[in-house]
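Quick note: the coordinates plus some simple rules give every number you see, no bench work behind them. Just so it is clear, the model here is predicted, and its values are computed rather than measured. Because the Cβ atoms are built from the backbone with ideal geometry, glycine has one as well, and the counts that use them run over all protein chains shown.
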Amino acid sequence: MINTDNITIVPGDQLALIPFGTLISDSSSYSKGNYQMLPYWFKSHNIAYANSATLLAASLKNQQHKSKEKSILAFAPSFEITPESTLYRQDTVRSSLGNLGWTIKEEEAITDYFSVESYQSELATETLFRKKSENYPIIHIASHSLVDDEYPMYSKIAFSLNQSDTINDG
């Protein structure tokens, strides 16, 4: 009996021909003709294969090294603008954008699987995006986009506004 959910198999020679995922973990539960109900390994274990133990060890070492680094930059801006805000009166397009309800939960879900540097709500500004984005291979932006079909180069991604920023408009 195997007491783990994750199994990595490094088969050699003829063992490489065995489909380990289709092995049965308990032969006593066999009922004739009902193969769907059998306790196959793949139903209770995550099965991975490696071509060699040396490559597996190198891959695991590389994954541990990468997991220490932030590999994804994520932004989930907020679009809450009050009517009292000067930006509300100046930016009619932005004032029509509503908050996207699941952006923060979406970003938090990504952190369950990857190493993420995350900026949410009012921290998710265009200025910070421009400063940080060149240092990441993957960038996740949970935001509104404004597409200009006639002049595509004028299409935009909306970020949170920073009223003290005079260079970037969000």
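Once Rh for segment 92-155 is found with the Kirkwood sum over Cα pairs, what is the Stokes-Einstein diffusion coefficient at 20 °C and 1.002 mPa s, in µm²/s?
Estimated diffusion coefficient is 156 µm²/s.
I want to check the label-to-label distance for LYS61 and LYS43. Put each point 7 Å from Cα in the C-beta direction and report it in nm to one decimal.
The two pseudo-label positions are separated by 4.0 nm.
THR127 versus TYR35, label points 7 Å from Cα toward the beta carbon: distance in nm?
The answer from the label model is 6.5 nm.
For labels at VAL147 and ALA53 in the simple 7 Å Cα→Cβ model, what's the distance in nm?
So the label points at VAL147 and ALA53 sit 5.4 nm apart.
Quick one: 3J(HN,Hα) in Hz for segment 54-60, Karplus 6.51/-1.76/1.60 with θ = phi - 60°, rounded, Gly and Pro as x.
5, 5, 4, 4, 5, 5, 5
For the ranges 123-132, 138-147, what's the packing order if you count other beta-carbon atoms within 10 Å of each residue, average per peptide, and put the highest first? Mind showing how you got there, number by number?
Details: 123-132: 17.1, 138-147: 14.8.
Ranking, from highest mean packing down: 123-132, 138-147.
Taking H as built 1.01 Å from N, whose amide H comes closer than 5 Å to the amide H of TYR49, not counting residues under 5 places away?
Correct list: ILE9.
Assuming 0.36 nm per residue, please report the length gained on full extension of the stretch LEU97 to ILE24 beyond their Cα-Cα distance. Each step should come with its number before you reach the end.
Numbers: separation 73, 0.36 × 73 = 26.28 nm, distance 5.44 nm.
Full-extension gain reported as 20.8 nm.
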